[in-house]
Amino acid sequence: MITLPPELLRLFQFEDWPRPNATDIKFFFWRLVIGPQLLPGWQLVNLREESLKNDARYTMSVWKPRDGNHLLRLDVYEERSRNAAEHRLLELLAASQSPNARRDDRVKYPLFQYDDYTTVVFSRGNLRFFVANAEREKISLKPLLADLEKLYTLGPTQTPSAIVPRLTPGKINRLPARTALSFTLEADYPLPCWYRIETKLGEVHREGERLIYQAPAGVEKLVITVVGTDGQATRLEHTFPVEEKK
C-alpha cells in the first residue's frame, strides 16, 4: 500500500470511519465468488479476475438485469486484511478526488456514495467494493447493495449439503493471547467454494494461502461458512479460550 499524505487522511476523515468494536462480528472472506445466487435479478455479462501485489485478488464484472438491458459494473478487491481493504478504499477516494463523494454515516462500515447512490464505494471486512452504472442512464444502486448484503448473512440451506469444511490442524482447544495461529480450510464439494469467517474477539488475515488468526485474551467463537457457487452452504462453529501466556 502507498503512503497517503496526511491531508488526504483528514479530507476523508479516515480516523473517524466506523470500525468493528469488541462486540461486533469481524468478517473475513477467502476465495470469494459472486454468482447468480447473490444477484438473482442480474445476469453476468463479463468477468475478469487477476492477482495483485500485497496478496490482493481483484475481480471486475459487468451485469445486466434479467428483464432489461441496463449495465452495471462491480469491482471487488479481496484484500489480505480489513486494514488493507480500508487503505484500498482510501486510495480510490484519493484517486478520484470527486467533490460529490459523501460518506453515509448511517452505515456501520465506511461507505461513500456519489450522486444519489448512482456510484458507491465501500469496504467491509477484507473486501473493497466499487459499484457503478456502466451507461449514461443512471439508476440507484440501493437494491443491488441489498443483494450484496447476502454475502454477510447467507447461511446453510434447509436441505443437507455435501460441503464439509475442515480446519487444519484439527480443532483449536486453546490459544495463547496475541499469538498468531496459522490454519487452512478445505471443502469437499464438486463445485468451487468460497469462505466467510466470523470472529468477535480477534481477527483473521491472510499471508499468501495461509490464514492467520490472532486475538487478545478472552473466549472466541469462530464461525466458518462455506458456500458453493450453486448457493449450497454449510457452517462450522467452534468456541475456544484465548489465554494469557504463563
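Just so you know, all these numbers are worked out from the coordinates, no wet-lab data involved. Remember, predicted model here, so these are calculated numbers, not experimental data. Virtual Cβ from ideal backbone geometry, glycine too; neighbours counted across all protein chains shown.
How much length is gained on full extension from N46 to A132, taking 0.36 nm per residue of separation minus their Cα-Cα distance?
Going from the current span to full extension adds 29.5 nm.
Put +1 on the Cβ of every Lys and Arg and -1 on every Asp and Glu Cβ in the chain; which of L89, F29, V204 then has its Cα farthest towards the positive end of the dipole? Going by the Cα projections, it comes out as V204. Can you find, among G155, A132, G68, the residue farthest towards the positive end of the dipole of the chain? Put +1 on the C-beta of Lys and Arg, -1 on that of Asp and Glu. Among G155, A132, G68, the one farthest towards the positive end of the dipole of the chain is G155. Non-local lysine pairs in the chain, meaning eight or more places apart or on different chains, with alpha-carbon distances under 25 Å, amount to 28. Around the Cα centre of the stretch 6-152, unit charges on the Cβ atoms of Lys, Arg, Asp and Glu (plus for the first two, minus for the last two) sum to a dipole of about 240 debye.
Each peptide in 218-228, 46-56 receives the mean, over its residues, of other Cβ atoms within 10 Å, and ordering these scores from highest gives 218-228, 46-56. The charge dipole of the chain, taken about its Cα centre with unit charges on the Cβ of Lys, Arg, Asp and Glu (plus for the first two, minus for the last two), comes to roughly 400 debye. Since only L52, V226, F183 are under comparison, the one whose Cα sits farthest along the positive direction of the charge dipole of the chain, derived from C-beta charges on Lys, Arg, Asp and Glu, is F183. Spin-label model, D105 to L71: label points 7 Å out along the Cα-to-beta-carbon direction sit 3.8 nm apart.
How far, in degrees from 0 to 90, does helix 82-96 lean away from the longest principal axis of the Cα atoms of the chain, to the nearest 10? Its long axis makes an angle of about 10 degrees. Only helices enter the 222 nm calculation for the chain: every DSSP H run of n ≥ 4 contributes -39,500 (n - 2.57), and dividing by all residues gives -3500 deg cm²/dmol, rounded to 500.
Placing +1 on the Cβ of every Lys and Arg and -1 on the Cβ of every Asp and Glu, with nothing else charged, gives the stretch 54-126 a dipole about its Cα centre of roughly 160 debye. For the stretch 73-144, the gyration tensor built on C-alpha atoms gives a prolate shape. Its axis ratio a/c (a ≥ b ≥ c) is at least 1.5, and a/b is the larger of a/b and b/c. Over all directions, the projected convex hull of the C-alpha atoms in the chain averages 14.8 nm² in area. For the stretch 36-43, backbone phi angles converted through the Karplus equation (6.51, -1.76, 1.60; θ = phi - 60°) give residue-by-residue couplings of x, 5, 9, 10, x, x, 10, 10 Hz, Gly and Pro being listed as x.
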